[in-house]
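Please read the structure below before turning to the comments.
Throughout, read-outs are computed from the coordinates displayed, never taken from laboratory work. Computed from a prediction, not measured in an experiment: that's the story for all the values here. Cβ placement follows ideal geometry from the backbone for every residue including glycine, while neighbour counts extend to all protein chains displayed.
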Amino acid sequence: MNVLLLGSGGREHAIVRALRKSPGVGRIDVAPGNAGMSAETPCHPVDITNPDAMLELAAALNPDLVIIGPEGPLCLGVADSLRKEGHVVFGPGRQGAMLEGSKSYAKAFMKRHGIPTADFDICVSPSDVSAALAKRRPPFVIKADGLAAGKGVVIADTVREAEDAASSMFAGAFGESGKTLLVEDFMAGDELTLLTVTDGTTLRTLASSQDHKRVFDGDKGPNTGGMGAFAPVPWLDAGLTDRIRREILEPTLRGLQSERIPYRGALYFGLMITPEGAPKVVEYNVRFGDPETQAVLPLFADDFARALLACAEGKLESAPWSIAARHAVDVVLTSNGYPGKYPAGIPITGIREAESMEHVSVLHAGTALKDGRLVTSGGRVLNVVATGDTLEEAIERAYRGVECISFDGAHFRKDIARKIRKGGRPS
Ligand code: GLY
């Protein structure tokens, strides 16, 4: 089986590594990929948000399966264009991708299908925002409706702060994405990610995981695209798993079916487990999460390529599916200054040493080749992923891998997965 994968981050590098373990996989082409992936597999420097460019590339490569990694091309309907030309695609069409592309659409979907989530108001003017804030107590949650590269959510402690955030979104801080806003009730609790795969009939779950969004230890500092993740979440017991399935996963699948929304791809459930133990949806994403995927895929214990192909063909029920009873931790190394301004072109050393360690792998995100040397090219640069029979073992191995790597100004959190070390929920 030959595969074409679209994307360029740590998530896509994790997908390449998972596909490589599948015995039936031949050629894996990636567009556009990154420096780390290009050392392992052919990469094509094309614009993956351009449906015509994607059709041209797919026609030239004629893959058995196209996997679309990020939300951008999914929301633009690249999967629809490819399917129209007869390609077998893992990734929802434009209609299914609205679950991530429009937060107001997703919230209305949840409301129609009785799926628990925070109460919300949709606002298209500053006076709508003021009215929505007047109904609530701080902290206030303001969200841009459309895609905003993970930056479109503000938690404000005062009405003034909330109104300022809304004004800057209305003024175009996120382009068209911020012309409609949501004001939501704040949800306290513990966050949990469930990555699933569905063909619209069958829905399978991968290992549970948890992202670390803030830049500094102890969940301090600004939000980032993700500083690390671990899988599975030890406090997710059978009772809560069952409740999530009954109250969230199954109603979501039934909702897609009853509204005749075709869906073949990954469906990400960002959940909040309230202090009372009730699961609620924070957000859907229509793709695998980053950096959760980097920790979750090493625990998939069956033929990943076969499973994704079966999903893309609408035959997911027939695909073997099992998860190893092991643990994985991903520590992200970032450039100095990220998520603000950061330098690029800084030489990186030590990746080979880290990868020579057993149960440790290094996945590239923001790297490039300059004069034959590997250098930084993004905010999130590398993911050091380790597995172990225990969470403790995976943590120790991941940090030993991190110690091997150096580049000027490298930053990483030292507490990935550590707050749940002693077992039990963190709060
Ligand atoms: N980890 C959150 C995301 O992928 O958007």
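The shape of the stretch 70-220 can be summarised by an equivalent ellipsoid whose semi-axes, obtained from the alpha carbon gyration tensor, come to 30, 19, 15 Å from longest to shortest. In terms of other Cβ atoms within 10 Å, VAL402, VAL154 run from fewest to most in the order VAL154, VAL402. Summarising the amide proton neighbourhood of GLY228: residues at separation of 5 or more, or on other chains, whose placed amide H is nearer than 5 Å comprise HIS212, VAL332.
For the chain, the antiparallel share of DSSP beta bridges with both residues in that region comes to about 80%. For LEU382, the residues whose amide H sits under 5 Å from its own are LEU333, ALA365, GLY366, ignoring neighbours fewer than 5 places away on the same chain, with H placed 1.01 Å from N. Computed as a quarter of the hull surface, the mean projected area of the alpha carbon convex hull for the stretch 1-130 stands at 10.6 nm².
Computed over the chain, the per-residue total of -39500 (n - 2.57) for DSSP H runs of n ≥ 4 gives a 222 nm mean residue ellipticity of -8000 deg cm²/dmol, rounded to 500. Averaging 1/r over every pair of different alpha carbons in the stretch 1-42 and inverting the result gives a Kirkwood radius of 10.0 Å. Express in % the proportion of alpha carbon pairs of the stretch 157-299 at distances exceeding 21 Å. Distances greater than 21 Å cover 53 percent of the Cα pairs. Charged side chains reduced to their Cβ positions (Lys and Arg at +1, Asp and Glu at -1) give the chain a dipole of some 340 debye around its Cα centre. For the stretch 192-198, the Karplus equation 6.51 cos²θ - 1.76 cosθ + 1.60, evaluated at θ = phi - 60°, returns couplings of 8, 10, 10, 8, 10, 10, 9 Hz by residue, with Gly and Pro reported as x. Among the listed pairs LYS143/LYS280; LYS107/LYS179; LYS151/LYS220; LYS143/LYS414; LYS143/LYS419; LYS107/LYS143, those whose Cα-Cα separation exceeds 20 Å are LYS143/LYS414; LYS143/LYS419. Expressed as a whole percent, the proportion of Cα-Cα pairs in the stretch 111-182 lying more than 20 Å apart is 26%. Across the stretch 49-68, the residues whose backbone nitrogen lies under 19 Å from the label position 7 Å along the beta-carbon direction of ARG27 are 53-68.
Give the residues of the stretch 157-190 whose amide nitrogen is closer than 19 Å to a point set 7 Å from the Cα of ALA134 in the direction of its Cβ. Only 158-167, 181-185 fall inside the zone, counting backbone N under 19 Å. Rounded if a/c is under 1.5, else prolate if a/b is larger than b/c, else oblate: which is the stretch 315-427, with a ≥ b ≥ c the root eigenvalues of its Cα gyration tensor? Taking the square roots of the gyration eigenvalues as a ≥ b ≥ c, the stretch 315-427 is prolate. For the stretch 349-403, the share of alpha carbon pairs falling in successive 10 Å distance bins from zero is 26, 46, 23, 5, 0 percent. Going from the fewest other Cβ atoms within 10 Å to the most, the residues LEU74, LEU333, LEU236 appear in the order LEU236, LEU333, LEU74. Going from the residue with the fewest nearby Cβ atoms within 10 Å to the one with the most, SER104, SER208 rank SER104, SER208. Placing unit charges on each Cβ (+1 for Lys and Arg, -1 for Asp and Glu) gives the chain a dipole about its Cα centre, and among ALA324, THR334, LEU374 the Cα reaching farthest toward its positive end belongs to ALA324. For the stretch 231-242, 3J(HN,Hα) computed residue by residue from phi via the Karplus equation (6.51, -1.76, 1.60; θ = phi - 60°) reads 8, x, 8, x, 8, 7, 8, 5, x, 5, 4, 5 Hz, glycine and proline entered as x. When you restrict to C-alpha pairs under 8 Å that are six or more residues apart and normalise by the size of the stretch 250-407, the relative contact order lands at 20 percent.
Per residue, the convex hull around the alpha carbon atoms of the stretch 248-354 comes to 206 Å³. Shape analysis of the chain based on the Cα gyration tensor places the equivalent ellipsoid semi-axes at 31, 26, 23 Å, largest first. D by Stokes-Einstein for the stretch 44-84, Kirkwood Rh over Cα pairs, 4 °C, 1.567 mPa s: 126 µm²/s. The C-alpha atoms of the stretch 210-249 occupy a region whose extents along the principal axes are 35, 19, 13 Å, arranged from largest to smallest. Once backbone amide H atoms are built at 1.01 Å from N, VAL88 has VAL66 as its partners under 5 Å, excluding neighbours fewer than 5 places away on the same chain.
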